[in-house]
Structure formats: C-alpha cells, structure tokens
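Below is one structure, written out as structure tokens, with a few remarks after it.
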Amino acid sequence: MEKAIFFSDFDGTITKKDVIEAIMSNFAPSHWEDIYTYLTEGKLDIDVGIRMMFNLLPCEKKEEIVNWCLENVEIRDGFNEFLLYLKEKNIPFVILSGGMDFYIYPLLKEYLPLIYKIHCNRFICKGGRMDVFFGYRCSKECKRNCGVCKPYIIQKYYKNYNLKFYAGDGITDLDACQYNDIIFSTGGFTEYLKEKKKRTINFETFYEIVNAMEEMERDINHENHL
C-alpha cells in the first residue's frame with residue numbers, strides 16, 4: 001500500500017460500548033444523563049460536557065472505576081489480530097479519543113506495544129473532584145471545542161501520510177472523517193454517515209476491517225498488473 005496510517009476512536013469503537021457512558025451509569029448521580037443528552041444533542045460543547053460529567057465523581061473513586069472497567073469493558077473482537085495485521089503491513093495505528101487516559105491505558109495494556117500513539121484527555125484531580133486536562137484544543141479546522149480535536153491532530157502531526165484510514169462510532173468522529181480517505185463506521189454512526197451521503201464501510205468486529213483492507217490490497221495489486 002501507499003504510505004498509510006490508521007486512526008481510530010476508542011469509546012464504542014475499540015470497545016464494544018461507550019466507556020464514559022458506562023462509567024457514569026455506574027458511578028455518577030442520575031443527573032449525568034441530562035448532561036449527556038445536552039452533549040449528544042450539540043447543546044453543550046464537547047469539552048464542557050465531558051468536564052461536567054467527570055466533575056460529578058470524587059477522585060477517590062478512580063481506582064475503583066479502573067478496576068470496574070477492567071472487569072466489565074469488552075474490547076471489540078479481532079482487535080489483536082487487526083493490530084498484528086497493521087504491524088505486518090507497516091501501518092501505524094493511532095488512537096484519537098475524547099476519553100480519559102486513566103481508563104484507556106489500563107484497558108489497552110496488553111496491546112500497547114502494537115499501538116503507535118494514543119491522543120486522549122488527561123485525568124487531573126481538582127478540589128477532590130475528577131477533572132480533565134485538554135491537551136489538543138481545536139484549531140481553525142474545527143469549531144466543536146472538542147478537547148481532543150481530531151482534525152487538528154491529523155493535520156498537525158500526520159499530514160504527510162497519503163493514505164489515511166479511520167474507524168469511529170459517533171458524531172465526534174464526523175469532522176475527522178473529512179481528513180481521511182477510507183472510513184470504517186459502527187453503531188448509529190453508519191446510518192448517520194449514509195444520511196449525509198458520505199461513503200463508509202460498516203463493521204462490527206475488527207476481523208471485518210482486516211478482511212476489507214486485504215480486499216483493497218488485492219484490488220490494488222490486480223490493477224497494477226493490468
């Protein structure tokens with residue numbers, strides 16, 4: 001393949017379910033749902049909504065939350081085989097996540113040697129409550145106040161790759177899709193992209209992504225031999 005790179009969201013894409021939503025459901029007071037609704041409806045900026053939800057949690061719950069995640073959060077089937085495939089093809093794998101480092105790294109511990117880079121929000125403790133350090137603020141390419149601005153990261157650090165793959169599951173992935181060549185989508189994001197007349201390849205497991213990439217490679221090789 002050309003000089004390629006693969007970007008992926010984390011919550012609901014690498015994992016089977018959204019981790020932030022699961023954490024809030026199990027540890028936050030019930031009004032987190034109002035914040036989440038406003039966030040998903042676009043009534044709150046992404047960084048504001050994420051901070052408001054995590055502010056509901058005391059810092060002392062951090063270890064308990066991590067242990068709960070390790071016991072209950074499932075990684076999507078075929079992820080390890082997918083990473084090995086990318087390694088074989090010399091394609092870096094980069095995670096672009098609006099989630100938090102304190103649960104992402106433990107969940108991915110066994111896979112870290114196969115992951116090129118993880119861009120995500122950082123956990124901080126402020127006044128005894130969980131808080132968020134946003135290290136990748138939006139530039140002119142994005143106006144969503146993402147906290148982790150995926151278009152900004154792609155354009156700043158990875159613009160020299162001429163074939164970009166992306167996997168995502170939600171509205172926060174929409175802007176990132178504009179800076180990638182081949183989009184893999186799952187969950188409700190697939191229908192959303194179709195409504196927007198954007199081309200996407202649906203997947204439920206990472207085995208399907210590997211199969212699709214292998215088929216693309218065969219097609220390229222076939223064309224080169226014509």
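The values are calculated or read from the model by the stated rules, or taken from the named source; none is laboratory data. It should be emphasised that the depicted structure is a prediction, and the values quoted were computed from it without experimental measurement. Positions of Cβ are generated from backbone atoms using ideal geometry, with glycine treated the same way; all protein chains shown enter the neighbour counts.
Considering only residues of region 160-190 that are without any contact (Cβ under 8 Å) to a residue 40 or more places away in the chain and of a type in the set (D, E), which is nearest to I50 (Cα to Cα)? Even if it seems obvious, please write down each step before you answer.
Initial filter on region 160-190 (without any contact (Cβ under 8 Å) to a residue 40 or more places away in the chain): 174-175, 177-179, 181-185, 188-190.
The next check asks that each one be of a type in the set (D, E); those that pass are 175, 181.
On the way: D175: 18, D181: 29 Å.
So the residue we want is D175.
Return the residues of region 154-176 that are surrounded by fewer than 23 Cβ atoms within 10 Å (Cβ to Cβ) and closer than 19 Å to P92 by Cβ; say none if nothing qualifies. Walk me through it before giving the result.
Pass one, region 154-176, residues surrounded by fewer than 23 Cβ atoms within 10 Å (Cβ to Cβ): 155-164, 170-171, 174-175.
Result: Q155, K156, Y157, Y158, K159, N160, Y161, N162, L163, K164.
Kindly establish whether G99 is touching a residue at least 60 places away in the same chain (Cβ under 8 Å), in contact with a Cys (Cβ under 6 Å, 6 or more places away or on another chain) and among the small types (G, A, S).
yes
Taking region 24-51, which residues are in contact with a Phe, Trp or Tyr (Cβ under 7 Å, 6 or more places away or on another chain), buried (at least 20 other Cβ atoms within 10 Å of the Cβ) and closer than 17 Å to I65 by Cβ?
Listed by number, the list holds a single entry, M24.
Given the structure, is I75 of a type outside the set (D, E) and modelled with pLDDT under 95?
Spelling it out, it is not the case that I75 is of a type outside the set (D, E) and modelled with pLDDT under 95.
Looking at the structure I just gave you, is G128 over 22 Å from T37 (Cα atoms), touching a strand residue (DSSP E or B) at 6+ places or on another chain (Cβ under 9 Å), loosely packed, with under 15 Cβ neighbours inside 10 Å and modelled with pLDDT under 95?
no
I'd like to check which helices (runs of 4 or more DSSP H) are fully inside region 8-87 and have at least 3 residues that are under 28 Å from G128 (Cβ atoms) and in contact (Cβ under 8 Å) with a residue 40 or more places away in the chain.
So the answer is 19-27, 46-54, 62-72.
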